[in-house]
Amino acid sequence: MESTTQEGLLGSLLLARSAVDRSALLRGDAGWRERAWADGTTRVLVVDGGRTLVRRSGGEVRLVLTPVADAPEGERYLLGVDAEGVAYFAVTAPLAGMARTRVEPPRRIVASLPLTVLPEGQAVVAGLRQVGSLLGDLDAGLLVYAVALEAWHATHEFCPRCGSRTEVRAGGHMRVCPKDGGQHFPRVDPAVIMLVHDDDDRCLLARGPEWPEGRLSVLAGFVEPGESLEHAVVREVAEEVGVRVTAPRYLGSQPWPFPRSLMLGFFARAVSTEFDLDPGEIAEARWFSRAELRAALASGEVSLPSEVSIARRLIETWYGEPLTGDW
(Lines give C-alpha, C1' and ligand atoms only; values in the text may rest on other atoms or scores of the structure.)
Protein backbone atom coordinates (compact mmCIF):
# COMPACT_ATOMS: atom_id res chain seq x y z
CA MET A 1 0.00 0.00 0.00
CA GLU A 2 1.28 3.45 -0.88
CA SER A 3 1.54 6.11 1.79
CA THR A 4 -1.73 7.92 2.35
CA THR A 5 -0.11 11.20 3.35
CA GLN A 6 -2.31 13.89 1.80
CA GLU A 7 -1.42 17.47 1.00
CA GLY A 8 -4.79 19.12 1.50
CA LEU A 9 -5.69 22.68 2.44
CA LEU A 10 -3.83 22.22 5.73
CA GLY A 11 -0.84 20.47 4.19
CA SER A 12 0.35 17.12 5.51
CA LEU A 13 -1.14 16.53 8.95
CA LEU A 14 1.38 14.58 10.99
CA LEU A 15 -1.05 12.20 12.69
CA ALA A 16 -3.08 11.58 9.52
CA ARG A 17 -0.46 9.46 7.75
CA SER A 18 -0.32 5.76 7.01
CA ALA A 19 1.49 3.21 4.87
CA VAL A 20 -0.39 0.01 5.69
CA ASP A 21 -3.58 -1.54 4.38
CA ARG A 22 -5.81 -1.98 7.43
CA SER A 23 -6.88 -5.34 5.98
CA ALA A 24 -10.44 -5.25 7.32
CA LEU A 25 -11.38 -8.37 5.37
CA LEU A 26 -8.69 -10.37 7.19
CA ARG A 27 -9.73 -9.43 10.72
CA GLY A 28 -12.33 -12.15 10.96
CA ASP A 29 -10.10 -14.81 9.41
CA ALA A 30 -8.67 -16.58 12.45
CA GLY A 31 -6.63 -18.95 10.30
CA TRP A 32 -4.94 -16.12 8.43
CA ARG A 33 -4.23 -14.26 11.67
CA GLU A 34 -2.57 -17.32 13.20
CA ARG A 35 -0.47 -17.88 10.08
CA ALA A 36 0.55 -14.23 10.10
CA TRP A 37 1.45 -14.45 13.80
CA ALA A 38 3.67 -17.44 13.03
CA ASP A 39 5.39 -15.70 10.10
CA GLY A 40 8.97 -14.67 10.79
CA THR A 41 8.54 -11.38 8.90
CA THR A 42 5.63 -10.19 11.05
CA ARG A 43 6.41 -7.27 13.33
CA VAL A 44 4.87 -6.32 16.67
CA LEU A 45 4.44 -2.89 18.23
CA VAL A 46 4.19 -2.98 22.03
CA VAL A 47 2.06 -0.22 23.54
CA ASP A 48 1.69 0.66 27.19
CA GLY A 49 -0.59 3.50 28.26
CA GLY A 50 -0.26 5.31 24.95
CA ARG A 51 3.52 4.98 24.83
CA THR A 52 5.92 2.72 23.02
CA LEU A 53 9.64 2.31 22.40
CA VAL A 54 11.42 4.41 19.79
CA ARG A 55 15.04 4.56 18.74
CA ARG A 56 17.05 7.23 16.93
CA SER A 57 19.58 6.14 14.36
CA GLY A 58 21.34 9.02 12.66
CA GLY A 59 18.69 11.39 11.35
CA GLU A 60 15.78 8.96 11.69
CA VAL A 61 13.51 8.04 14.58
CA ARG A 62 11.81 4.66 14.24
CA LEU A 63 9.47 2.55 16.30
CA VAL A 64 11.04 -0.45 17.99
CA LEU A 65 9.16 -3.24 16.21
CA THR A 66 9.90 -6.73 17.47
CA PRO A 67 9.60 -10.17 15.86
CA VAL A 68 6.75 -12.27 17.23
CA ALA A 69 9.24 -14.47 19.09
CA ASP A 70 10.37 -11.49 21.17
CA ALA A 71 6.91 -10.01 21.78
CA PRO A 72 5.49 -10.11 25.32
CA GLU A 73 2.14 -11.64 26.19
CA GLY A 74 -0.83 -9.29 26.00
CA GLU A 75 -3.96 -8.38 24.08
CA ARG A 76 -3.24 -8.56 20.37
CA TYR A 77 -4.61 -6.25 17.66
CA LEU A 78 -4.12 -6.56 13.89
CA LEU A 79 -2.90 -3.25 12.46
CA GLY A 80 -2.60 -4.29 8.82
CA VAL A 81 -0.26 -5.33 6.03
CA ASP A 82 2.22 -3.19 4.11
CA ALA A 83 3.04 -3.17 0.39
CA GLU A 84 5.67 -5.91 0.85
CA GLY A 85 3.19 -8.22 2.57
CA VAL A 86 4.58 -7.69 6.09
CA ALA A 87 1.87 -7.97 8.75
CA TYR A 88 1.84 -5.69 11.78
CA PHE A 89 0.23 -6.34 15.14
CA ALA A 90 0.03 -4.31 18.35
CA VAL A 91 0.31 -5.94 21.77
CA THR A 92 -0.58 -4.18 25.01
CA ALA A 93 2.00 -5.05 27.67
CA PRO A 94 4.31 -3.31 30.17
CA LEU A 95 7.31 -1.89 28.33
CA ALA A 96 9.54 -2.38 31.36
CA GLY A 97 9.09 -6.14 30.99
CA MET A 98 10.74 -6.28 27.59
CA ALA A 99 14.07 -8.04 28.05
CA ARG A 100 17.30 -6.82 26.48
CA THR A 101 15.90 -3.33 26.00
CA ARG A 102 17.11 -0.26 27.84
CA VAL A 103 14.08 1.80 28.83
CA GLU A 104 14.03 5.31 30.20
CA PRO A 105 11.28 6.09 32.76
CA PRO A 106 8.19 7.53 31.05
CA ARG A 107 8.03 11.30 31.10
CA ARG A 108 4.95 13.43 30.58
CA ILE A 109 6.01 15.91 27.94
CA VAL A 110 3.38 17.84 26.02
CA ALA A 111 5.57 19.42 23.36
CA SER A 112 7.33 17.58 20.56
CA LEU A 113 10.88 16.48 21.30
CA PRO A 114 13.77 17.79 19.22
CA LEU A 115 15.54 15.00 17.37
CA THR A 116 18.77 15.64 19.26
CA VAL A 117 17.13 14.99 22.65
CA LEU A 118 16.79 11.29 21.82
CA PRO A 119 19.98 9.36 22.60
CA GLU A 120 21.58 7.74 19.58
CA GLY A 121 20.85 4.02 19.32
CA GLN A 122 19.04 3.68 22.65
CA ALA A 123 15.42 2.60 22.95
CA VAL A 124 13.39 5.12 24.93
CA VAL A 125 9.76 5.39 25.99
CA ALA A 126 7.77 8.07 24.19
CA GLY A 127 4.26 8.94 23.08
CA LEU A 128 2.68 10.47 20.01
CA ARG A 129 2.84 14.00 21.34
CA GLN A 130 6.59 13.73 21.77
CA VAL A 131 7.68 11.89 18.63
CA GLY A 132 4.75 11.98 16.21
CA SER A 133 6.43 14.68 14.14
CA LEU A 134 9.70 12.70 13.96
CA LEU A 135 8.26 9.42 12.66
CA GLY A 136 7.84 8.45 9.03
CA ASP A 137 4.48 7.66 7.46
CA LEU A 138 4.55 3.94 8.28
CA ASP A 139 5.53 4.36 11.92
CA ALA A 140 3.25 7.33 12.57
CA GLY A 141 0.25 5.48 11.17
CA LEU A 142 0.99 2.32 13.16
CA LEU A 143 1.40 4.20 16.44
CA VAL A 144 -1.75 6.32 16.04
CA TYR A 145 -3.74 3.19 15.23
CA ALA A 146 -2.33 1.14 18.09
CA VAL A 147 -2.78 3.87 20.70
CA ALA A 148 -6.39 4.43 19.64
CA LEU A 149 -7.23 0.73 19.87
CA GLU A 150 -5.47 0.37 23.22
CA ALA A 151 -7.44 3.29 24.68
CA TRP A 152 -10.77 1.89 23.51
CA HIS A 153 -10.12 -1.63 24.82
CA ALA A 154 -8.99 -0.27 28.19
CA THR A 155 -12.41 1.29 28.79
CA HIS A 156 -14.66 -1.33 27.21
CA GLU A 157 -13.79 -4.52 29.02
CA PHE A 158 -17.37 -5.00 30.22
CA CYS A 159 -20.70 -5.18 28.43
CA PRO A 160 -22.67 -1.92 28.90
CA ARG A 161 -25.95 -3.86 28.98
CA CYS A 162 -25.29 -6.72 31.40
CA GLY A 163 -21.85 -6.05 32.89
CA SER A 164 -20.26 -9.31 31.70
CA ARG A 165 -16.60 -9.25 30.73
CA THR A 166 -16.41 -8.99 26.95
CA GLU A 167 -14.07 -10.96 24.69
CA VAL A 168 -11.74 -9.55 22.04
CA ARG A 169 -12.61 -10.62 18.49
CA ALA A 170 -11.88 -9.68 14.88
CA GLY A 171 -8.22 -8.99 15.45
CA GLY A 172 -8.96 -6.43 18.16
CA HIS A 173 -11.65 -4.55 16.23
CA MET A 174 -14.63 -5.86 18.15
CA ARG A 175 -15.57 -7.03 21.63
CA VAL A 176 -18.37 -9.55 22.11
CA CYS A 177 -20.43 -10.18 25.22
CA PRO A 178 -20.49 -13.97 25.88
CA LYS A 179 -23.75 -13.63 27.80
CA ASP A 180 -26.04 -11.61 25.54
CA GLY A 181 -24.07 -11.84 22.27
CA GLY A 182 -23.82 -8.06 21.93
CA GLN A 183 -21.11 -6.78 19.57
CA HIS A 184 -19.21 -3.62 20.48
CA PHE A 185 -16.93 -1.74 18.11
CA PRO A 186 -14.19 0.88 18.60
CA ARG A 187 -15.71 4.30 19.04
CA VAL A 188 -14.52 7.60 17.58
CA ASP A 189 -15.68 10.93 19.04
CA PRO A 190 -15.91 13.70 16.38
CA ALA A 191 -14.73 17.10 17.56
CA VAL A 192 -14.67 20.36 15.63
CA ILE A 193 -11.63 22.59 15.96
CA MET A 194 -11.79 26.03 14.41
CA LEU A 195 -9.71 29.07 13.74
CA VAL A 196 -11.97 32.12 14.00
CA HIS A 197 -10.95 35.21 12.03
CA ASP A 198 -12.62 38.60 11.76
CA ASP A 199 -13.05 41.21 9.01
CA ASP A 200 -9.84 42.93 10.15
CA ASP A 201 -7.99 39.67 9.34
CA ARG A 202 -7.22 38.90 12.98
CA CYS A 203 -7.38 35.42 14.47
CA LEU A 204 -8.85 34.44 17.82
CA LEU A 205 -6.68 32.45 20.24
CA ALA A 206 -7.69 31.37 23.72
CA ARG A 207 -6.43 29.66 26.87
CA GLY A 208 -8.13 26.98 28.93
CA PRO A 209 -8.40 27.56 32.69
CA GLU A 210 -5.97 24.71 33.45
CA TRP A 211 -3.27 26.04 31.10
CA PRO A 212 -0.43 28.33 32.20
CA GLU A 213 -0.47 31.93 31.02
CA GLY A 214 0.79 32.39 27.50
CA ARG A 215 -0.27 28.95 26.26
CA LEU A 216 -2.85 29.72 23.57
CA SER A 217 -4.68 27.75 20.92
CA VAL A 218 -7.78 27.78 18.75
CA LEU A 219 -11.23 26.77 19.99
CA ALA A 220 -12.55 23.22 19.88
CA GLY A 221 -15.43 21.11 21.13
CA PHE A 222 -17.23 17.82 20.67
CA VAL A 223 -20.08 17.39 18.22
CA GLU A 224 -23.36 16.72 20.04
CA PRO A 225 -25.95 14.05 19.09
CA GLY A 226 -28.11 15.09 16.15
CA GLU A 227 -25.81 18.00 15.26
CA SER A 228 -24.01 18.82 12.02
CA LEU A 229 -20.34 19.79 12.03
CA GLU A 230 -21.15 23.31 10.87
CA HIS A 231 -23.71 23.82 13.63
CA ALA A 232 -21.19 22.51 16.16
CA VAL A 233 -18.66 25.14 15.04
CA VAL A 234 -21.16 27.98 15.49
CA ARG A 235 -22.43 26.66 18.83
CA GLU A 236 -19.03 25.95 20.38
CA VAL A 237 -17.62 29.40 19.56
CA ALA A 238 -20.71 31.10 20.95
CA GLU A 239 -20.69 28.99 24.11
CA GLU A 240 -16.98 29.35 24.85
CA VAL A 241 -16.26 32.99 24.01
CA GLY A 242 -19.61 34.59 23.11
CA VAL A 243 -18.57 35.40 19.54
CA ARG A 244 -21.00 34.85 16.67
CA VAL A 245 -19.50 33.21 13.57
CA THR A 246 -20.69 32.36 10.10
CA ALA A 247 -19.55 30.47 7.00
CA PRO A 248 -17.67 27.55 8.62
CA ARG A 249 -15.26 26.16 6.03
CA TYR A 250 -13.92 22.62 6.38
CA LEU A 251 -10.16 22.27 5.81
CA GLY A 252 -9.12 18.79 6.94
CA SER A 253 -9.06 16.21 9.72
CA GLN A 254 -6.73 14.04 11.71
CA PRO A 255 -7.12 11.44 14.46
CA TRP A 256 -6.30 12.53 18.00
CA PRO A 257 -6.26 9.30 20.03
CA PHE A 258 -6.21 10.93 23.48
CA PRO A 259 -8.23 8.84 23.92
CA ARG A 260 -10.41 8.55 20.78
CA SER A 261 -11.13 11.86 19.07
CA LEU A 262 -11.27 12.73 15.39
CA MET A 263 -10.45 16.41 14.99
CA LEU A 264 -12.27 18.15 12.11
CA GLY A 265 -10.64 21.45 11.23
CA PHE A 266 -12.54 24.58 10.16
CA PHE A 267 -12.10 28.27 9.49
CA ALA A 268 -15.04 30.48 10.53
CA ARG A 269 -15.63 34.22 10.08
CA ALA A 270 -16.64 36.26 13.11
CA VAL A 271 -19.60 38.63 12.78
CA SER A 272 -19.09 39.92 16.34
CA THR A 273 -15.84 40.46 18.21
CA GLU A 274 -16.73 41.17 21.84
CA PHE A 275 -16.01 38.35 24.28
CA ASP A 276 -18.33 36.78 26.84
CA LEU A 277 -16.17 33.98 28.21
CA ASP A 278 -17.41 30.76 29.76
CA PRO A 279 -15.08 30.62 32.80
CA GLY A 280 -15.40 26.87 33.01
CA GLU A 281 -13.94 26.53 29.52
CA ILE A 282 -11.91 29.66 28.76
CA ALA A 283 -9.67 31.74 31.01
CA GLU A 284 -8.50 34.20 28.37
CA ALA A 285 -9.22 35.05 24.72
CA ARG A 286 -7.42 37.52 22.46
CA TRP A 287 -7.50 38.76 18.88
CA PHE A 288 -4.16 38.81 17.05
CA SER A 289 -3.05 40.38 13.82
CA ARG A 290 -0.17 38.59 12.12
CA ALA A 291 2.29 41.23 13.32
CA GLU A 292 0.97 40.96 16.89
CA LEU A 293 1.21 37.19 16.90
CA ARG A 294 4.73 37.25 15.46
CA ALA A 295 5.85 39.72 18.14
CA ALA A 296 4.20 37.75 20.95
CA LEU A 297 5.91 34.54 19.83
CA ALA A 298 9.28 36.25 19.48
CA SER A 299 9.07 37.70 22.99
CA GLY A 300 7.95 34.41 24.55
CA GLU A 301 4.69 36.00 25.70
CA VAL A 302 2.74 33.40 23.71
CA SER A 303 3.40 29.75 22.86
CA LEU A 304 1.51 27.61 20.38
CA PRO A 305 0.34 23.98 20.29
CA SER A 306 2.71 21.25 19.18
CA GLU A 307 3.29 20.79 15.47
CA VAL A 308 1.63 17.34 15.62
CA SER A 309 -1.70 19.03 16.38
CA ILE A 310 -4.22 20.21 13.81
CA ALA A 311 -4.55 23.38 15.93
CA ARG A 312 -1.01 24.37 15.02
CA ARG A 313 -1.66 23.72 11.33
CA LEU A 314 -4.82 25.85 11.38
CA ILE A 315 -2.89 28.75 12.90
CA GLU A 316 -0.03 28.41 10.42
CA THR A 317 -2.44 28.17 7.48
CA TRP A 318 -4.05 31.44 8.53
CA TYR A 319 -0.66 33.04 9.18
CA GLY A 320 0.72 31.94 5.83
CA GLU A 321 3.91 30.13 6.87
CA PRO A 322 5.36 27.89 9.61
CA LEU A 323 5.74 29.39 13.08
CA THR A 324 7.94 28.66 16.07
CA GLY A 325 7.07 28.76 19.75
CA ASP A 326 5.75 25.36 20.87
CA TRP A 327 4.12 24.77 24.24
Open item on the list: Can you pull out every residue in region 235-260 that is surrounded by 20 or more Cβ atoms within 10 Å (Cβ to Cβ) and β-branched (Val, Ile, Thr)?
Closed with: Val237, Val241, Val243, Val245
Task: Set Ala206, Ala232: member being in a strand (DSSP E or B) and assigned by TED's automatic domain parsing to the domain that holds Ile315 - done: Ala206
Open item on the list: So Leu229 ticks every box in (1) of a type outside the set (Gly, Ala, Ser); (2) in contact with a strand residue (DSSP E or B) (Cβ under 7 Å, 6 or more places away or on another chain); (3) in contact (Cβ under 8 Å) with a residue 40 or more places away in the chain but one. Which box is left unticked?
Closed with: (3)
- [ ] Return the residue satisfying two criteria in turn: it lies in region 3-60 and is under 21 Å from the mean Cα position of the chain (by Cα) and among the acidic types (Asp, Glu), and of such residues it is modelled with the lowest pLDDT.
- [x] Glu7
TODO: For Pro248, state whether it is within 30 Å of Trp152 (Cβ to Cβ), assigned to a strand (DSSP E or B) and not hydrophobic (A, V, I, L, M, F, W, C).
DONE: yes
- [ ] Scan region 29-53 residue by residue and report those that are not in a strand (DSSP E or B) and not small (Gly, Ala, Ser).
- [x] Asp29, Trp32, Arg33, Glu34, Arg35, Trp37, Asp39, Thr41, Thr42
Task: Yes/no for Phe288 being within 19 Å of Ile315 (Cβ to Cβ), in the same structural domain as Ile315 (by TED's automatic domain parsing) and touching a Pro at 6+ places or on another chain (Cβ under 8 Å) - done: no
Open item on the list: Show the residue pairs meeting these rules: Cβ distance below 6 Å; 6+ apart or different chains; first residue within region 39-60 and surrounded by 22 or more Cβ atoms within 10 Å (Cβ to Cβ); second residue among the charged types (D, E, K, R).
Closed with: Val47/Glu150
- [ ] Go through the residues of region 105-121 one by one and say whether even a single one is in a helix (DSSP H, G or I) and modelled with pLDDT of 90 or more.
- [x] no
Task: Hits in region 176-194 (condition: in contact with a Lys or Arg (Cβ under 7 Å, 6 or more places away or on another chain) and charged (D, E, K, R)) - done: Asp180, Arg187, Asp189
Open item on the list: When you scan region 165-177, do you find a residue that is surrounded by fewer than 16 Cβ atoms within 10 Å (Cβ to Cβ), under 22 Å from the mean Cα position of the chain (by Cα) and not charged (D, E, K, R), even just one?
Closed with: no
TODO: Take region 263-280 and flag every residue that is under 26 Å from the mean Cα position of the chain (by Cα) and buried (at least 16 other Cβ atoms within 10 Å of the Cβ).
DONE: Met263, Leu264, Gly265, Phe266, Phe267, Ala268
TODO: For Pro259, work out the one condition from (1) more than 24 Å from Tyr145 (Cβ to Cβ); (2) assigned to a loop (DSSP other than H, G, I, E, B) it doesn't fulfil.
DONE: (1)
Task: Residue satisfying all of: in region 281-300; under 27 Å from the mean Cα position of the chain (by Cα) and among the acidic types (Asp, Glu); surrounded by the most Cβ atoms within 10 Å (Cβ to Cβ) among these - done: Glu284
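The values are calculated or read from the model by the stated rules, or taken from the named source; none is laboratory data. Since the model is a prediction, treat every value here as computed from it, not as a measurement. Note: ideal-geometry Cβ built from the backbone for every residue, glycine included; neighbour counts use all protein chains shown.
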